[in-house]
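Enquirer: Below: one structure in structure tokens.
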Amino acid sequence: MHPNELSVFLQTLQTIVGTAHVLSEGDLSAWELDWRKREQGKALAVVRPASTDEVARVVQACAAAQVSLVPQGGNTGMVVGSTPDASGTQVVLSLARMNRIRQLDAANLTVTVEAGCVLQTLQEACEAAGFLYPLSMASEGSCTVGGNLGTNAGGTQVVRYGNTRELCLGLEVVTAAGEVWNGLSGLRKDNTGYDLRHLFIGSEGTLGVITAATMKLFPSPKSMMTAYASVPSLDAAVELLGLAHQKLSSGLTGFEVMGAFALRLVRKHFPQQPVPFEGDDPFCVVLEVSDHDSEAHARALLESLLEEALQDGCVLDAVVAENLSQARALWHIRESIPLAQAQEGLNIKHDISIAVSRIPDFVRETDAAIQEAFPGARMVNYGHLGDGNLHYNVQAPVGADAEAFLRAQEKPMNALVYAQVDRFNGSISAEHGIGSLKREKLAEHKSPVALGVMRAIKLALDPHNLMNPGRVLKL
Ligand code: FAD
Ligand code: MLT
Ligand code: ZN
């Protein structure tokens, strides 16, 4: 852009959102560098609107100047989707100031909330009103409702409540043309043609900007009980999951698995964090039951499940939290893994899903193939086993330079793992999305028919390719 045009463009943005909310100088790395430090971008400007109308006018101004936009919430995404590319030509549209909870409708069991509201703030507000907003993940102190919807985030309660898509009843969206679509319905039934809400959910900012959403609420359970168990193998973990489904039914609200090396990283990087069972059992599991009767009832259910599992041999040892703070501490072990892994150094992540029943075979075969092709590679294997979603991550061998390992081995490592995922009929992105990190891989692993339909949708909704270009699809 010519300097005069740039200056006029920035002034237009300042008129819309206020001078203080158009940032184009100084250290912008909080908006330009992705959470995993995989790519440092360069923004033309960071723009921080405070209302849907301001978002619409910013999008219109960008469209008029043919400037592309990167919607950003908490910038905690895992696939480099919320930061600008290095060209210095893209505007980061931060939704952080649009953080109001507009309405909690107790009778309808819904909450309408703006896209920039931090997930934990929403959880806490709903809890204070006696309701559960069940979406939960380790990034909840920073990630936003808009980012959760943009990525169709999963997290640790999906086994019972589903992912973000299943929690959403309606959206308000600013289209690529700068129009506002008010689809904030709190309706559970509405078969009036194509469901646009599902088009925007999981579209990673490539089709429009989500400015608000109506989300489902649930009555707060009377009691939530957490257990931590060591298991002799992944087969045993799957057996335990089956038993938990049988005995707890919809009371089962969390089932997470953690490999021995993932737990060793937590011990190493967070030594103050107590971790049960110091021995290196191959896998441990965190499981949670929610109960609408009483704490005693929840405890009895969980203890009876664990007793049976101990007798069957699918559990080696187990502890049940005595109180809320113990429960939080047990969950904290699981939630510390991504941070511990980041502390250990740059790494290769595979956020994959496979039918639960086939996960043990997948891991056995793929672990062996990796050790043969990349001797010494360290497997940081953990995740949402209840959803068939593994974070099948890899750390460089001991003593290796993590950056050099990543540069040289990420491509062949991905090729090996994703070929296995295909063989097992799985998905190469279970919950993190595609962003730019997995864009080339999507083209290789998604059916050409599906890719053609996706391209047609993208071009129909964003014909000038201004909404988060280069993410998800290459046009
Ligand atoms: P951002 O990172 O800012 O954006 C993510 C994507 O959504 C980008 O493509 C962006 O353009 C788009 N976007 C953001 N806001 C909007 C909007 N208003 N309208 C349209 N598009 C938008 N993810 C899981 O699914 N499950 C987990 O368990 C999980 N655990 C995590 C743990 C840690 C420690 C960390 C750091 C991340 C974790 N994540 C997890 C990934 C991440 O937190 C989620 O993807 C989250 O939903 C991103 O929200 P955000 O507000 O940070 O979005
Ligand atoms: C998690 O479940 O902790 C995150 O989605 C995993 C990750 O960091 O890969
Ligand atoms: Zn996850």
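What follows draws every value from the coordinates through simple rules; no lab data is involved. All of these numbers come straight from a predicted model, not from anything done at the bench. Neighbour counts are summed over all protein chains in view; Cβ atoms, including those assigned to glycine, are modelled from backbone coordinates with ideal geometry.
Enquirer: Only four residue types carry charge here, +1 at the Cβ of Lys and Arg and -1 at the Cβ of Asp and Glu. Report the dipole size of the chain about the Cα centre in Debye, rounded to the nearest 20.
Expert: 1160
Enquirer: Now for a different question. Using a cut-off of under 17 Å, list every residue of the stretch 458-475 whose amide N is near the label point 7 Å from the Cα of residue 5 along the Cα-to-beta-carbon line.
Expert: 464-466
Enquirer: So what is the orientation-averaged projected area of the stretch 242-281, using the convex hull of its C-alpha atoms, in nm²?
Expert: Here the figure is 3.8 nm², rounded to one decimal.
Enquirer: What angle do you read, to the nearest 10 degrees and between 0 and 90, between the alpha-carbon axis of helix 359-373 and the longest principal axis of the chain?
Expert: Helix 359-373 sits roughly 80 degrees off the main axis of the chain.
Enquirer: State, to one decimal in nm², a quarter of the convex hull surface area for the C-alpha atoms of the chain, i.e. the direction-averaged projected area.
Expert: Details: hull surface 91.3 nm².
Seen from a random direction, the Cα hull of the chain projects 22.8 nm² on average.
Enquirer: Given a Förster radius of 60 Å and the C-beta distance between residue 361 and residue 179 as r, what FRET efficiency does 1/(1 + (r/R0)^6) yield to the nearest 0.05?
Expert: Numbers: r = 49 Å, r/R0 = 0.82.
Efficiency, rounded to the nearest 0.05: 0.75.
Enquirer: Just how many % of Cα pairs in the stretch 351-454 lie over 23 Å apart, if you round to the nearest whole percent?
Expert: 28
Enquirer: Using unit Cβ charges (K, R positive; D, E negative) and no other charged atoms, how large, in debye to the nearest 20, is the dipole of the stretch 152-300 about its Cα centre? Please report the intermediate quantities before stating the final value.
Expert: Working: 12 positive and 16 negative charges, 38 e Å.
About 180 debye.
Enquirer: Report, to the nearest 10°, how far helix 402-423 tilts away from the longest principal axis of the Cα atoms in the chain, using its own Cα long axis and a range of 0 to 90°.
Expert: It is inclined by approximately 70 degrees.
Enquirer: Could you sort 134-141, 33-40, 374-381 so that the peptide with the highest average Cβ count within 10 Å comes first and the rest follow in order?
Expert: Values: 134-141: 20.9, 33-40: 16.0, 374-381: 17.9.
Per-residue Cβ counts within 10 Å, averaged per peptide and sorted highest first, yield 134-141, 374-381, 33-40.
Enquirer: Something else: Give me the distance between the Cα centres of the stretch 270-311 and the stretch 436-466, rounded to whole Å.
Expert: Each part's Cα centre sits 43 Å from the other's.
Enquirer: Just the number, please: Stokes-Einstein D of the stretch 67-174 in µm²/s, Kirkwood Rh from C-alpha pairs, 10 °C, 1.306 mPa s.
Expert: 109
Enquirer: Suppose only helical runs count, i.e. DSSP H with n ≥ 4. What mean residue ellipticity at 222 nm does that imply for the chain under -39500 (n - 2.57) per run, divided by all residues and rounded to the nearest 500 deg cm²/dmol? Don't jump to the answer; show the numbers that get you there.
Expert: Values: 17 runs with 184 residues, N = 475.
When only DSSP H runs of four or more count, the value is -11500 deg cm²/dmol.
Enquirer: Helix 260-269 versus the longest principal axis of the chain: what is the Cα-based angle in degrees, 0 to 90, to the nearest 10?
Expert: 70
Enquirer: Starting with the highest mean, order 329-339, 421-431 by the number of other Cβ atoms within 10 Å, averaged over the residues of each peptide.
Expert: Values: 329-339: 20.7, 421-431: 18.8.
My ranking of the peptides, most packed first, is 329-339, 421-431.
Enquirer: How would you rank 57, 455, going from fewest to most other Cβ atoms within 10 Å of each one's own Cβ?
Expert: 455, 57
Enquirer: For the stretch 161-306, what are Rg and Dmax over the alpha carbons, in angstrom?
Expert: So, for the stretch 161-306, Rg and Dmax equal 20.8, 58 Å respectively.
Enquirer: Write out the GluC sites (Glu not before Pro) in the stretch 162-200 meeting two conditions: DSSP loop, and at most 12 other Cβ atoms within 10 Å of their Cβ.
Expert: Details: sites: 166, 172, 179; in loops: 179.
Of the GluC sites (Glu not before Pro), the ones in loops of the stretch 162-200 whose Cβ has at most 12 other Cβ atoms within 10 Å are 179.
Enquirer: State, as an integer percentage, the relative contact order of the chain based on alpha-carbon contacts under 8 Å between residues 6 or more apart.
Expert: Working: 952 pairs, mean separation 70.9, N = 475.
In percent, rounded to a whole number, it is 15.
Enquirer: Let me ask something else about it. Of the chymotrypsin sites (Phe, Trp or Tyr not before Pro) in the stretch 157-243, which ones lie in a loop per DSSP and count no more than 15 other C-beta atoms within 10 Å? Write out the running numbers ahead of the final one.
Expert: On the way: sites: 161, 181, 194, 200, 228; in loops: 194.
Sparse-neighbourhood loop chymotrypsin sites (Phe, Trp or Tyr not before Pro): 194.
Enquirer: Please report Rg (one decimal) and Dmax (integer) in Å for the Cα set of the stretch 282-365.
Expert: Radius of gyration, then largest Cα-Cα span, for the stretch 282-365: 16.2, 46 Å.
Enquirer: Which whole-angstrom value gives the distance between the alpha carbon centres of the stretch 1-44 and the stretch 60-101?
Expert: Spelled out, the Cα-based centre of one part sits 10 Å from the other.
Enquirer: Continuing with the same structure: Hey, if you put +1 on the Cβ of every Lys and Arg and -1 on every Asp and Glu Cβ in the chain, which of 70, 12, 47 ends up farthest toward the positive end of that dipole?
Expert: Checked the options; the winner is 12.
Enquirer: In nm, give the distance between the simple-model label positions of residue 108 and residue 25, each being 7 Å from the Cα along the Cα-to-Cβ direction.
Expert: Roughly 4.6 nm, to one decimal.
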